[in-house]
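Heads up, the thing below is written out as structure tokens.
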Amino acid sequence: MQLIMEHLSKQFKNKIAVRQIDAVLSEGIYGFLGANGAGKTTLLQMICGIIEPTSGEVKVNGENNIQMGERFRDILGYLPQEFGYTPGFTAKDFMLYIASIKGLEPKYAKRKTIELLRLVNLEKETNSKIRTFSGGMKRRLGIAQALLNDPKILILDEPTAGLDPKERAYFRNIISEMSKDKIIIISTHIVSDIEYISDQVLVMKKGDFILQGTPEELLDKVKGEVWSCRIPHKKWVGFESRYCVVNSHVLANDVDARIVSLEAPIDGAVNVEPTLEDLYLKCFSDEMEAGE
Ligand SMILES: Nc1ncnc2c1ncn2[C@@H]1O[C@H](COP(=O)(O)OP(=O)(O)OP(=O)(O)O)[C@@H](O)[C@H]1O
Ligand SMILES: [Mg+2]
């Protein structure tokens, strides 16, 4: 299976949300990492064929996704960022309802509903109304509905929004288990959600992929640039605006800080092992300063 984005662009009036994206995806897990407004949702909606690109196209095994129509929807699973749940439905009703929209056989739909509610740990809530669900439970139901047709292409737009740390860990495990024969795209701005499970991480900024590679390849890009240091209080003033500060802990005599910088920010700074969060903050520190 091959999913190709060819010079994909989307413009809303005078706002370019996605600019000339090219990418080739095959089976595996892809983490699309980007700040708010980077263009993740717009890009995913074009991949799903929900919105048309202004220029360029998405191809699945050489065929245009929109022209494929139903044949494309049959192999697609999608969890939108904003998902409308019907509060009066039970989890089971909701799953069967989505299954009918997808045109699945009732018998298959019933079997799959039981299997998937178990997979996302909602087995006990099968007959509970969605209005009684927490945000995390709704998100898990959203993940389950995206899997109803056993999709070959699974697109999850911020699937972990609202999940607590235990639910996040559980989510990572179920996604990595099912990735063998699927193309899975996960968009997020939470680095830890994709750091350990992605085969490829694509960092999106202002509508473009600015970095792409395996987590190890991306970590290599900040190797030698992450520092742990102690900064005296009087020097700390102004430090934050001059450097990309990942963490800081104010202590009695000085500030214990983690900083991304090409050169040692202060005498005695020690190089430490980078994480993807360091890279992310390096990529987006200019936007944070500008308050975007
Ligand atoms: N329908 C629309 N009309 C006009 N502008 C839009 C529309 N949809 C998105 N945009 C703009 O396109 C840019 C990208 O938005 P998009 O929602 O794709 O970003 P995102 O990376 O998903 O952000 P978030 O992390 O907040 O979900 C933003 O500047 C947004 O304001
Ligand atoms: Mg979005």
Inter-site label distance for Tyr108 and Asp208 at 7 Å from Cα along Cβ, in nm: 4.3 nm
Highest-first arrangement of 110-120, 142-152, 39-49, 90-100, where packing means the average Cβ count within 10 Å: 39-49, 142-152, 90-100, 110-120
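Please work out the average accessible area per residue across the chain, using the 1.4 Å probe convention, and give it in Å².
Averaged over the residues of the chain, the accessible area is 50 Å².
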Surface share of carbon and sulfur [accessible, 1.4 angstrom probe, percent] for region 1-61: 44 percent
Rounded tilt (10° steps) of 276-290 against the dominant C-alpha axis of the chain: 80 degrees
With Cα atoms, 0 to 90° folded angle of helix 106-119 axis to the chain main axis: 30 degrees
For region 226-273, Kirkwood radius (reciprocal of mean inverse C-alpha pair distance, Å): 10.5 Å
Pairs from Lys180/Lys206; Lys205/Lys282; Lys92/Lys138; Lys152/Lys206 whose Cα-Cα separation, in the structure shown, is over 23 Å: Lys180/Lys206; Lys152/Lys206
Surface share of carbon and sulfur [accessible, 1.4 angstrom probe, percent] for region 226-273: 49 percent
Qualifying GluC sites (Glu not before Pro) for region 39-78 [loop in DSSP, other Cβ within 10 Å: at most 11]: none
Helix-derived mean residue ellipticity, 222 nm - over the chain, DSSP H n ≥ 4, -39500 (n - 2.57), to 500: -9500 deg cm²/dmol
Nearest 10 degrees, 0 to 90: helix 135-146 Cα axis against the chain principal axis: 50 degrees
For the chain, alpha-carbon Rg over 2.2 N^0.38 Å: 1.13
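The values are calculated or read from the model by the stated rules, or taken from the named source; none is laboratory data. The model shown is predicted, which means the values in this text are computed figures rather than measured ones. Positions of Cβ are generated from backbone atoms using ideal geometry, with glycine treated the same way; all protein chains shown enter the neighbour counts. When the accessible area is computed, the model is the full protein with side chains, heavy atoms only, and any ligands, DNA or RNA have been set aside. Shrake-Rupley method; radii C 1.70, N 1.55, O 1.52, S 1.80 Å.
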